[in-house]
Structures are given as C-alpha cells and as structure tokens.
Amino acid sequence: MTSENETGKSQISSKPAVNEEQAISLAQTLFGLQVSKVKPLPSYDDQNFYIQTWDDGRTTQREYVLKITNGEDSKNTKLIEVQTYAMKFLYDEGLPTPNALLTKTGAIMSLQAIDYGAVIQKHMVRLLTYLPGTPAAEIKSTPEILFEVGKLAGILDETLTKKFQHSYKKSFDRGEFIWNLSNTPLLRKYTYAIKEENLRLKIEEVINQFENSVKQNLKMFRPCINHGDLNDHNLLLEKINASNENNRNQYRVSGILDFGDMSSGYYVYEVAITIMYMMIESADPLPVGGYVLAGFESVFPLTKEEKAALFTLVCCRFSQSLVMARYSVLLCPQNEEYLMITAKTGWKHLMTLLDIGKEAIEKIWEETARSYLEKRLEH
C-alpha cells in the first residue's frame, strides 16, 4: 500500500458504518450463525461486533467477533489473508489468540459489498472466536503481569519468525507503514497537527535521536515478524484460579487481539512497543521497562546493540502514537475520545523519559529487571 494509505487517513475515511441489522445478516449469510445477541465493540479504523449465537438448537451459546475491515485496507487482500493465517497459526501453537472461522464456502474471509444507500463500499469480513478476559488497561499492572506480557511478546515473535510459513509472507514488508519503528522519520509529515511548539520540538528531538543513534545500527538487529500493537487494550487478562493465598490476585494473559499492524521488523521493536504501551496505564511507569524486558529476555535475550537502542525506540513509539493521534483527530473529530486514549498520559510519560535521559532510565530498567529476577529465584 502507499504511504498515504498506511498513515490512517484513507482508513479512517473508509471506516465501515455497518448497523446491527447488517451485522446479523452478514453473520447469518456468510457463516450460517443463528444470532441471539449483537453489540458493537470499540475500534480504531475498522468495525467490530460482538456476536452471541445459539448452536445445537437452543442449548449451547457461543461467542464470536465479526470483524469488518475498513474499505482502504480491504483492498490489500494478501496482507489481510496472511495476518489472519498467522493469527490462526498462533492459535494452533497454543497462544491465546482468536481463531478465525471459515465461511460456509470454506474461505477464511469474504469481501462484501456493503450498501450504505448513497454509496456501496467493499469491506473484508471475518469471523473470530471471542476471547474471555479483561483488557489490561482496566487492571492495575503488577510486576508479575508485566513480566508475563514481556514473555508472551517474546514467544509470539519467536514463534512467528521461526515457524510460520505462508505464500504471502512477503506482504509483511509494508514499505512506508507509519507504525513501523523504522519509519519514525516519516512523522515529520504529520507534526503540523501538533499546535504546541514545545511538543513539536520534543518530537523532532526524538526523530533526530533515531536518525543519529539507531538508524545506522538496524543492520545489526535481528529481524522478525512483529505483532506491532501489544497495547493495553489488545491484551486481555484473567485471574488464575489459585488455592495458594499468595497467588490469589495473579493474572495470566488470556487474549492477544488485533493483528492489523503486523509487519517485518526486529525483536527489539516488539520490546519497545510493549514497554511504551504498558507504561501508559501504570501508576509507576518508570520501572515498567525493566519488568517487560526481563520477561522478553527470558525467551529471547537482546544483544548489546539492541539494548542500546531500546530507550530511543520507546520514545519513538510514544512519538508515533502521539503525533498520529493528533493527526487522526483532525480527520475524524467525532472519534476524538477513542483516538486520544493513549495521548491522555502519553505526553507526560514522553517528557519524563526525555527529561531524565537515556542513561538514567536504562539504569532503572536494568536494576528493576535484576531485582525482579532475583526475587523469582527466591520463590
């Protein structure tokens, strides 16, 4: 896709506007479901519906998510197909991802012409299993949760990179996809959406750091397929049933959602993205990187060069999220509340990171990881 398509402008303008009646019709026509309940779910540029059905007559209830992709992304059928098969592959490997169900004709997805009255637009439609759990954003993060999230991020990337095969795998090479950390300099095209000069200067500072200290070292980083969006709304948690009093409030990751930002990248990118998003809702954000890093490195230890880039890459992800949120609000002001979820605390965290500085933050992360791992060994 073109850089313009990959930024979000075209996606937001072509966001589906399917009503509940149309959603029920799609579920019945394409997948043969007997729908008993339907409700919309929040989404960025696609449209999702929670679907509850009656199976086996009226004795068993099942839950699904009907996912309707925006009109622009729906044109890239190869990318959507390989993302869906990657998700299905991870499900088969035992990771807590949704499973994609086939249509009545045996297809993994279906391009549908949706009639909006004044216009007809084509959208890719898929049916996914509904996963239990509560979004991580709604649960107070603990060192244990952060470690498990980091560990799962490592398992996910390593499993995809070493085992997943598909004829459309090259579709993950997404060129100027704005959410790939390699494309941090492309943010300059959108910083006009930030009206405050001091904030624009901070973003420029981060972009310069990437260009001066990270970009030339990319060839030394180990490549992989990134999920690319392990944020606190795409991770579901559920309590572990524990008889031990000490484990009563322990959680596990019960769901990994939204594979729409998958792209070719590097292992260190996934760590940076995960750290950034886990910081957003944390009451004590600075040590978060240590816990996530300890979990990731329990699966896939980073090299010296990768670790040296981590601070800057976390700042890059904050910058991507903050700039594109402001830009998207200009395009779609009616969706401001959802688009600005991350930005509410994101600016504060980015400023704090830049004010404290790379060396001091790296020391906090290193000491946090070491202390946490020592405690785990004691238990």
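The values are calculated or read from the model by the stated rules, or taken from the named source; none is laboratory data. Only a predicted model underlies this, so the values are computations on that prediction, with no experimental measurement involved. Using ideal geometry, Cβ is built from the backbone for each residue, glycine included, and neighbour counts are taken over all protein chains shown. Heads up: the accessible areas ignore ligands, DNA and RNA and are worked out on the full protein's heavy atoms, side chains in. Shrake-Rupley method; radii C 1.70, N 1.55, O 1.52, S 1.80 Å.
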As an exercise: evaluate N231 against (1) more than 19 Å from I155 (Cα to Cα); (2) at pLDDT below 95; (3) open to solvent by less than 50 Å² (accessible area, probe 1.4 Å) and give the number of the one condition it does not meet.
(1)
Is it the case that I225 is open to solvent by less than 50 Å² (accessible area, probe 1.4 Å), of a type outside the set (F, W, Y) and assigned to a helix (DSSP H, G or I)?
no
Taking the criterion of being of a type in the set (S, T, N, Q), touching a Cys at 6+ places or on another chain (Cβ under 6 Å) and in a helix (DSSP H, G or I), would at least one residue in the range 180-194 satisfy it?
yes
Using beta carbons and a limit of 8 Å, which pairs, at least six apart or on different chains, have the first residue in the range 105-118 and under 19 Å from N70 (Cβ atoms) and the second one among the aromatic types (F, W, Y)?
I108/Y85
Filtering the range 247-297 down to residues that are at pLDDT 95 or above and among the polar types (S, T, N, Q), which residue is surrounded by the most Cβ atoms within 10 Å (Cβ to Cβ)?
T274
Kindly indicate whether any position in the range 206-216 is open to solvent by 30 Å² or more (accessible area, probe 1.4 Å) and either in contact with a strand residue (DSSP E or B) (Cβ under 9 Å, 6 or more places away or on another chain) or in contact (Cβ under 8 Å) with a residue 40 or more places away in the chain (or both).
yes
Which of the following residues is closer than 28 Å to C224 by Cα and either part of a loop (DSSP other than H, G, I, E, B) or open to solvent by 20 Å² or more (accessible area, probe 1.4 Å) (or both): P96, P40?
P96
Which of the residues that make up the range 35-87 are of a type in the set (F, W, Y) and modelled with pLDDT of 90 or more?
F49, Y50, Y64, Y85
Filter result (within 21 Å of the chain's Cα centre (by Cα) and surrounded by fewer than 14 Cβ atoms within 10 Å (Cβ to Cβ)) within the range 176-204
P185
Subset of the range 136-161, residues in contact with a Gly (Cβ under 9 Å, 6 or more places away or on another chain), farther than 19 Å from F89 by Cβ and open to solvent by less than 30 Å² (accessible area, probe 1.4 Å), comes to L146, F147, V149, G150
Within the range 106-129, of all residues that are modelled with pLDDT of 95 or more and assigned to a loop (DSSP other than H, G, I, E, B), the one surrounded by the most Cβ atoms within 10 Å (Cβ to Cβ) is M109
Say whether the condition of being among the β-branched types (V, I, T) and in contact with a Phe, Trp or Tyr (Cβ under 9 Å, 6 or more places away or on another chain) is met by at least one residue in the range 250-266.
no
In the set K75, K162, K88, K170, the lone residue that is charged (D, E, K, R) and in contact (Cβ under 8 Å) with a residue 24 or more places away in the chain is K75
